[in-house]
Amino acid sequence: MMSPKRVKWRKVQKGKMRGKALRGGTLHFGEFGLQSTECGKITAKQIEAARVAMTRFVKRDGKIWIRIFPDKPITKKAAETRMGSGKGNVEEWAAVIKPGRIIFEMTGITKEEAFRALNLANYKLPLTCKPISRDTEKLRVQREAIVREAKKAKAAAKGAQS
């Protein structure tokens, strides 16, 4: 399982999971990817289970990239422990995921096989994700450009009326 070799601080605060992913939202390595649609935490065990499910489905064909890393320590107090006496011990490592983040990437197999493998991986994760490809990525970028142009035209028309 994945975990950091060394960290600056042993225990960290919970933090907030608001907003969209600022980075890691586009395909860089493969032709297909699994993109999150909601916020959540994915533990190292869940990442490994999803990876194993994908590699077994494609029978070790193609190539898989894991685009996230569990770098946040999750602490738990022992059972039947009274309140107080400090924070619990580090039990597992997790990656904080925001909407739009690419979790896995694949290449070297057909689109149907890739989407089925990515859906199998999605079943192992605690948050909903959608499989994407380079084609759907291009369509999304074009749609965003059209919306941006429409907003500019609307603002220009409003400024001309004033």
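The values are calculated or read from the model by the stated rules, or taken from the named source; none is laboratory data. Just so it is clear, the model here is predicted, and its values are computed rather than measured. Neighbour counts are summed over all protein chains in view; Cβ atoms, including those assigned to glycine, are modelled from backbone coordinates with ideal geometry.
So the check is Cβ under 7 Å with 6+ separation or different chains; which pairs have a first residue in the range 134-155 that's touching a residue at least 40 places away in the same chain (Cβ under 8 Å) and a second one that's not in a helix (DSSP H, G or I)?
Arg134/Leu27; Arg134/Glu31; Glu137/Thr26; Glu137/Leu27
Please verify whether Lys45 is surrounded by fewer than 18 Cβ atoms within 10 Å (Cβ to Cβ), modelled with pLDDT of 95 or more, among the charged types (D, E, K, R) and within 21 Å of the chain's Cα centre (by Cα), treating the condition exactly as stated.
Yes, satisfied.
Scan the range 120-162 residue by residue and report those that are exposed (fewer than 14 other Cβ atoms within 10 Å of the Cβ), in a helix (DSSP H, G or I) and among the β-branched types (Val, Ile, Thr).
Val141, Ile146, Val147
Before we move on, is Ile66 closer than 22 Å to Tyr123 by Cα and either out of contact with any helix residue (DSSP H, G or I) (no Cβ under 6 Å at 6 or more places or on another chain) or surrounded by fewer than 16 Cβ atoms within 10 Å (Cβ to Cβ) (or both)?
yes
Which of the residues spanning the range 15-34 are in contact with a strand residue (DSSP E or B) (Cβ under 9 Å, 6 or more places away or on another chain) and either among the aliphatic types (A, V, I, L, M) or exposed (fewer than 13 other Cβ atoms within 10 Å of the Cβ) (or both)?
Filtering the range 15-34 for residues in contact with a strand residue (DSSP E or B) (Cβ under 9 Å, 6 or more places away or on another chain) gives 15, 17, 21, 24-34.
Result: Gly15, Met17, Ala21, Leu27, His28, Leu34.
Of the numbered conditions (1) more than 23 Å from Glu92 (Cα to Cα); (2) exposed (fewer than 15 other Cβ atoms within 10 Å of the Cβ); (3) more than 16 Å from the chain's Cα centre (by Cα), Val52 fails exactly one; give the number of that condition.
(1)
Looking at (1) at pLDDT 95 or above; (2) within 26 Å of Lys130 (Cβ to Cβ); (3) of a type outside the set (S, T, N, Q), which is the only condition Gly62 fails?
Condition (1) is where Gly62 drops out.
Looking at Lys158, Lys77, Lys138, which one is modelled with pLDDT under 90, over 24 Å from the mean Cα position of the chain (by Cα) and basic (Lys, Arg)?
Lys158
Could you list all residues from the range 69-88 that are among the β-branched types (Val, Ile, Thr) and surrounded by fewer than 16 Cβ atoms within 10 Å (Cβ to Cβ)?
Answer for the range 69-88, where residues must be among the β-branched types (Val, Ile, Thr) and surrounded by fewer than 16 Cβ atoms within 10 Å (Cβ to Cβ): Thr75, Thr81.
So, Lys45, is that one basic (Lys, Arg) and not in a helix (DSSP H, G or I) or not?
No.
Looking at the range 75-119 only, could you name the residues that are in a loop (DSSP other than H, G, I, E, B), farther than 30 Å from Arg10 by Cβ and without any contact (Cβ under 8 Å) to a residue 24 or more places away in the chain?
Across the range 75-119, the qualifying residue is only Thr110.
Regarding the range 78-92, can at least one residue be identified that is of a type outside the set (Phe, Trp, Tyr) and touching a Phe, Trp or Tyr at 6+ places or on another chain (Cβ under 7 Å)?
Step one: filter the range 78-92 for residues of a type outside the set (Phe, Trp, Tyr), giving 78-92.
From what is left, the residues that are touching a Phe, Trp or Tyr at 6+ places or on another chain (Cβ under 7 Å) are none.
No, the conditions are met nowhere in the range 78-92.
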